[in-house]
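Peer 1: Take this structure first; my questions come after.
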Amino acid sequence: MNWNERLAGWIGRPVSVAIGDPSGMDPAAPPRSFILGKLCLTVEGMHLQFFLSDHQFVAVPLFEDGGTTLTEREFISVDRASSMHYRVRLELEPPL
């Protein structure tokens, strides 16, 4: 799947990123909101980088077994091996 193409409309728009367990009860990091600067698929094609700035990004693992999904406003990737849940949500309002 060409994630860069499918998410191209999100660039320059506010998003929030949350990482935690699939239940959402145990966050690995506090949710972070930012304007998405760019997207980059890693060379090996196993992670999609969501750039907060020119040098900072959140790398989200990609899975072909249905663990990575995209809706109109939400990109979700579930790493079943590590029980980690990555959610990038397109926000309606700019981050503070």
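Each value in this text was obtained by applying a stated rule to the coordinates, not by laboratory testing. Source: prediction; values computed, not measured. Methodologically, a virtual Cβ is constructed for each residue, glycine included, from the backbone with ideal geometry; neighbour enumeration extends over all protein chains shown.
Peer 1: Under a 5 Å amide H to amide H cut-off, with H placed in plane at 1.01 Å, what residues pair with residue 91 once short-range neighbours are removed?
Peer 2: Here 15, 16 satisfy the definition.
Peer 1: Can you give me the distance in nm between label points at residue 56 and residue 38, each placed 7 Å from the Cα along the Cα-to-Cβ direction?
Peer 2: Between residue 56 and residue 38, the label points sit 1.8 nm apart.
Peer 1: Working out 0.36 nm times the residue gap between residue 8 and residue 83, then minus their Cα-Cα distance, what length gain in nm do you get to one decimal? Can you show the working numbers first?
Peer 2: Values: separation 75, 0.36 × 75 = 27.00 nm, distance 2.79 nm.
Computed gain between residue 8 and residue 83 is 24.2 nm.
Peer 1: Sum -39500 (n - 2.57) across every DSSP H segment of at least 4 residues in the chain, then divide by the residue count to get the 222 nm mean residue ellipticity, nearest 500.
Peer 2: Values: 1 runs with 4 residues, N = 96.
Counting only the DSSP helices, I get -500 deg cm²/dmol.
Peer 1: Under a point spin-label approximation (7 Å from Cα along Cα-to-Cβ), what is the residue 16-residue 74 distance to one decimal in nm?
Peer 2: That separation, rounded to one decimal, is 1.2 nm.
Peer 1: Another question, if that's okay. DSSP loop GluC sites (Glu not before Pro) in the stretch 1-64 with at most 15 other Cβ atoms within 10 Å of their Cβ, which ones? Mind showing how you got there, number by number?
Peer 2: Values: sites: 5, 44, 64; in loops: 44, 64.
Filter output for the stretch 1-64: 44, 64.
Peer 1: In addition: For residue 21, which sequence-distant residues (separation of 5 or more, or a different chain) have an amide H within less than 5 Å of its own amide H, given hydrogens modelled in the peptide plane?
Peer 2: Long-range HN contacts for residue 21: 26, 28, 85.
Peer 1: Using the basic label-point model (7 angstrom from Cα toward the beta carbon), what is the residue 64 to residue 49 distance in nanometres?
Peer 2: Result for the modelled spin labels: 2.3 nm.
Peer 1: Go through the stretch 3-85 and name the trypsin sites (Lys or Arg not before Pro) that are in a DSSP coil and have 16 or fewer other Cβ atoms within 10 Å of their Cβ.
Peer 2: Numbers: sites: 6, 32, 38, 73, 80; in loops: 73, 80.
Loop-located and lightly packed - 73, 80.
Peer 1: Identify which of the listed values of volume of the Cα convex hull per residue in Å³ was calculated from the structure shown: (1) 107; (2) 122; (3) 137.
Peer 2: Of the listed options (1) 107; (2) 122; (3) 137, (1) comes from this structure.
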